[in-house]
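Trainee: Take this structure, written in structure tokens, and hold onto it; I'll ask about it next.
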Amino acid sequence: MEATRPLFIPVILGTARMGRMSLHVAQLVVREISKHAGVKTELIDIAQLPLPTNDAGEAIKHPAFSVAMDRADALVIVSPEYNHGYSGLLKHVLDSCLKEYIHKAVGIVGVSAGPFGGTRVIENLLPVLRELGLVTIFWDVNFASVQKVFAADGTLLDERYIRRIDKFLKELFWMAKMLRHGREQIPLE
Amino acid sequence: MAKTADKMICPRCGVEMNHHCDKLVYGTGSQEAELQENTQIDPVIDPLLGGVISEFHTCPKCGTAACRNA
């Protein structure tokens, strides 16, 4: 493994809904990742990916998204909870790649207007991510009553989330390093 | 289970890649066609498993991922 190659951990914003509060969450996570030396990140807004809807899967792979997933050592998915589930567009985007995800770490940040902080969408995402070859970590971040956590301009109003994100990221970084070593150095047999 | 013996070569670095994963991929129409087009190998449905075994490889130098049918 090249020790000098930084980790790359993009943050996927998993909703295209107008007025989405999850944007503030995703931007916060990007800022927190950016504080760490040796880790690169970027925000991937699924609303900005022009994927067709008259086909699905790897046939509609978006080149820039594919390159970002190939380069990634881990992913953060920020997902609001819609009717206990994730957005259809997020699934559509995730399904467009496969080899790019294999044996890479993923952490989920759940967002909800209610008190449960996206716990149900996180549980529903886990089997999907597993089938895509991603390795889920056991730390999540739950943004409950998200409208009270951020001001209208995106300013964080509850500093406790910084520590929660820090714990989440430390586990994600560790898993990303381990899995990179495994992908690049440890053969299947 | 069928296994391809020769090492994949990284398209970016030209070094031997590490084969770290096999995955059972079920045919889903155009996705299967895409896989076939990418690998230039006819997908062989494993009669016991009901899908195509894909090998996943990663470059130890640059981290590029690649796959092919087993």
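Trainee: What does the structure give for A:53-62 when I average, per residue, the other chain Cβ atoms found within 10 Å of the residue Cβ?
Mentor: That works out to 4 on average.
Trainee: A further question follows. Give the order of A:Val39, B:Val44 when sorted by the count of other beta carbons within 10 angstrom, beginning with the fewest.
Mentor: B:Val44, A:Val39
Trainee: Moving to a separate point now. How long is the gain from A:Glu42 to A:Met178 if the chain were fully straight, where each residue apart is worth 0.36 nm and the alpha carbon distance is subtracted?
Mentor: Contour length minus the Cα-Cα distance gives 46.8 nm.
Trainee: Another question, if that's okay. Peptides B:8-17, A:18-27, B:58-67: what's the order by average Cβ count within 10 Å, highest mean first?
Mentor: B:58-67, A:18-27, B:8-17
Trainee: Quick check on packing: order A:134-142, A:42-50 by the mean number of other C-beta atoms within 10 Å, highest mean leading.
Mentor: Final packing ranking: A:134-142, A:42-50.
Trainee: Straight-line reach from B:Lys7: which aspartates and glutamates fall under 17 Å, measuring Cα to Cα and dropping same-chain residues less than 8 apart?
Mentor: Result set, ordered by chain and number: A:Glu184, A:Glu189, B:Glu16, B:Asp22, B:Glu55.
Trainee: Also, I was wondering about something else. Would you mind calculating the gained length between A:Asn54 and A:Thr4 on full extension (0.36 nm times residue separation, minus the Cα-Cα distance), in nm to one decimal?
Mentor: My answer for the length gained is 13.8 nm.
Trainee: A follow-up question, please. Computed FRET efficiency, Cβ-Cβ of A:Asp166 and B:Glu16, R0 45 Å: what is it to the nearest 0.05?
Mentor: 0.75
Trainee: Using the Kirkwood formula on the Cα atoms of chain A, what hydrodynamic radius do you get, in angstrom to one decimal?
Mentor: 16.7
Trainee: Let me ask something else. Only counting other Cβ atoms within 10 Å, I'd like A:Leu129, A:Leu90, A:Leu188 sorted with the fewest neighbours first.
Mentor: The fewest-first ordering by Cβ neighbours comes to A:Leu188, A:Leu129, A:Leu90.
Trainee: If you don't mind, another one. Taking beta carbons within 10 Å but only from partner chains, what does the mean come to for residues B:49-56?
Mentor: Partner-chain Cβ atoms within 10 Å, mean over residues of B:49-56: 2.
Values in this text are rule-based calculations from the coordinates and carry no lab data. This one's a predicted model, so the numbers in the text were calculated from it and none came from an experiment. Cβ sites come from the backbone with ideal geometry, for glycine too, and all protein chains shown count toward neighbours.
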